[in-house]
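> Before I ask anything, let me first share the structure, which is written out below as structure tokens.
We did not get these values from a lab; they are worked out from the coordinates using the rules stated. A quick note: this is a predicted structure, and the numbers were derived from the prediction, not measured. So basically every Cβ, Gly included, is an ideal-geometry build from the backbone, and we count neighbours across all protein chains shown.
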Amino acid sequence: MACYNRRDKTVACLEHLAIAAGRSGVDYRLFLFDDGSTDGTAEAVQKMEPDAVIMRGDGSYFWNRSMNEAFGAAMQEGFPAYLWLNDDTMLRPEAFDLLLQAARDSAAPREVIVVGAISDPEGGHTTYGGWRYVEPRFRPFLTRLMDPTDQPQEVDVMNGNVVMIPDGVARKLGNLDPVFEHGMGDTDYSKRARKLGIPVLLTAGYVGACSRNPLQGTHRDKALPLLQRVRQIFSRKGLPWRSWLTMCWRHGGVLWPVHFLWGYAKVILGRA
């Protein structure tokens, strides 16, 4: 788990986690990377979870590199399974039931990744979870968000809000790649899993709630002047070039240079 200056949300997230784990009889230990919070988040978490392993950054790690540190520390200690959890995602009481059931229903429960379907806390529509390719041969980065059904379903790409990874899978895939600064690490992880024949399953039902991140102020905000949007796309929360280059080279096929350039060109052309 990663956090940065969202003490109230982080505390609420952990309260929901404790309820869900208690209902399903799941024992857990928290590994948290606090990337330089100044609002007392780490102290509040330590009070709630005395056995938690809390690591601290300087504000430069952002989501993926923070998760890399936390996941790496947990893997070093060793557990039967690992749960990625975003601190702005509030688990439902039945969350672990759904995650574990999806794994049990698969042909090889210890060889699958399970991603939790997430809904909007107010509207109830799907906000995060699993995605499927639309045109995998020619547009490998074009995906559509899947709504959960009454059965677990296989997906191609996942968001990292709620993800359960068995230890055997974690050993095969390793950690999140720190080349990705903020985003894209969860996408890369699921794509690497699929290439190794490891299924990624979406839960049969919502495991938690989280609002979509707003587009305002990002490179997708068409109300911003073009120069500001260009600056945003090269920022760590946009498409930083090293991260995007790695993503395209690793998963874009023979047309990866086209996908790399198009990621920036569509902002200039107003298509993002």
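> Based on the alpha-carbon gyration tensor of segment 179-244 and its eigenvalue square roots a ≥ b ≥ c, which shape applies: rounded if a/c is under 1.5, prolate if not and a/b is larger than b/c, or oblate? Mind dumping the intermediate values first?
Working: a/c = 3.65, a/b = 1.57, b/c = 2.32.
The shape class here is oblate.
> Here's something else I'd like to know. Helix-only mean residue ellipticity at 222 nm, the chain, DSSP H runs n ≥ 4 weighted -39,500 (n - 2.57), per residue, nearest 500. What is it?
Details: 9 runs with 103 residues, N = 272.
Helix-only estimate at 222 nm: -11500 deg cm²/dmol.
> If you build the convex hull over the alpha carbons only and average its shadow over all orientations, what do you get for the chain? Give it in nm² to one decimal.
Over all viewing directions, the chain projects a mean Cα-hull area of 14.2 nm².
> For segment 8-89, calculate the relative contact order in percent as a whole number, restricting contacts to Cα pairs under 8 Å that are 6 or more residues apart.
It rounds to 36 percent for segment 8-89.
> Here is a further query. Among rounded, prolate and oblate, which fits segment 140-204 when a ≥ b ≥ c are the square roots of the eigenvalues of its C-alpha gyration tensor, a/c under 1.5 means rounded, and a/b larger than b/c means prolate?
Taking the square roots of the gyration eigenvalues as a ≥ b ≥ c, segment 140-204 is oblate.
> If you don't mind, there's one more thing I want to ask. First check a/c for segment 130-272, with a ≥ b ≥ c the square roots of the eigenvalues of its C-alpha gyration tensor; if it is under 1.5, answer rounded, and if not, answer prolate when a/b is larger than b/c or oblate otherwise.
Because a/c hits 1.5 or more and a/b exceeds b/c, segment 130-272 counts as prolate.
> Using a Gaussian network for the chain with springs between C-alpha atoms less than 10 Å apart, which of these wobbles most: 140, 152, 80?
Judging by the Gaussian network model, the answer is 80.
> Give me the one-decimal Kirkwood hydrodynamic radius in Å for segment 1-75, with the sum taken over alpha-carbon pairs.
Across segment 1-75, the inverse of the average 1/r is 12.5 Å.
> Among 197-204, 57-64, how do they line up by average Cβ neighbours within 10 Å per residue, starting with the highest?
Per-residue Cβ counts within 10 Å, averaged per peptide and sorted highest first, yield 197-204, 57-64.
> Here's a follow-up. Given contacts defined as C-alpha pairs under 8 Å and at least six residues apart, what's the relative contact order of the chain, whole-number percent?
Relative CO of the chain lands at 19 percent.
> Now, a different point. Of the listed pairs 195/237; 172/195; 222/266, which have alpha-carbon separations greater than 18 Å here?
The pairs that break the limit, which is 18 Å between Cα atoms, are 195/237.
> Set Lys and Arg Cβ to +1 and Asp and Glu Cβ to -1, take the dipole of the chain about its Cα centre, and tell me which of 68, 26, 264 lies farthest positive.
Most positive-ward Cα: 264.
> Charges only on Cβ, +1 for Lys and Arg, -1 for Asp and Glu: so what's the dipole of segment 35-155 about the Cα centre, in debye to the nearest 20?
Roughly 520 debye for segment 35-155.
> Normalised by the residues of segment 226-268, what does the relative contact order come to in percent, with Cα pairs under 8 Å and at least six apart?
Relative contact order of segment 226-268: 43 percent.
> If you wrap segment 226-268's Cα atoms in a convex hull and average its projection over all directions, what's the area in nm²?
Projected area, direction-averaged: 2.7 nm².
> When the dipole is taken about the Cα centre of the chain, and only Lys, Arg (+1) and Asp, Glu (-1) are charged at their Cβ, what size is it in debye, to the nearest 20?
Computed charge dipole of the chain: roughly 1340 debye.
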